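Rule-based calculations on the coordinates, nothing more; no lab input. All figures in this text were calculated on a predicted structure; none of them were measured in a lab. All Cβ positions, glycine included, derive from the backbone under ideal geometry; neighbour counts span all protein chains shown.
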Amino acid sequence: MAKADIKMPDEFLEKLSRLTKDEDGMAERVLKAGADVVEARVRSNLTGVIGRGTKEESRSTGELLSSLGTTTVKLDRDGNHNVKVGFAEPRRDGGSNAKIANILEYGIHGQPPKPFLKPAKSASRSACIEAMKRALEEEVGK
């Protein structure tokens, strides 16, 4: 039986070992970079639809926009890292920000839909991926 020894360059092995030491921290920073892009797009779209195209004066309090944010990166039971962009709950009046966002996105009787989430998802997809790639390359280069 033949035997072969392969020697990896020391510099490569050092970088590889550094990656595995801070794997969770690196994943968090990469996901955060992508979430920042998505949150900015959602915030921009939401600002564009609030109070626009209404027959009556807007009753916006700014609470929906101020509740928009990104969660911390969490591990699920399968070991996957997750981050979410969404609205904090509840509102000061006890209502639901998710309900208000849903009404804006899909409309209700007498109020036409003003989509802001779905367009943000579509428009930020490639920019989010690119931001995460850049962040990963930066982490690997450290």
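Length gain on complete extension for the stretch Ser66 to His81, per 0.36 nm per residue less the alpha carbon to alpha carbon distance? It would help to have the intermediate numbers written out before the result.
Working: separation 15, 0.36 × 15 = 5.40 nm, distance 2.55 nm.
Gain on stretching Ser66 to His81: 2.9 nm.
In the structure shown, do any of Lys74/Lys99; Lys55/Lys84; Lys32/Lys121 have a Cα-Cα gap over 23 Å, and if so which? Among Lys74/Lys99; Lys55/Lys84; Lys32/Lys121, the Cα-Cα distance tops 23 Å for Lys74/Lys99; Lys55/Lys84.
Can you list the GluC sites (Glu not before Pro) in segment 34-126 that are in a DSSP coil and have 13 or fewer other beta carbons within 10 angstrom? Don't skip to the end; give the middle numbers.
Working: sites: Glu39, Glu56, Glu57, Glu63, Glu105; in loops: Glu56, Glu57.
Hits after loop and neighbour filter: Glu56, Glu57.
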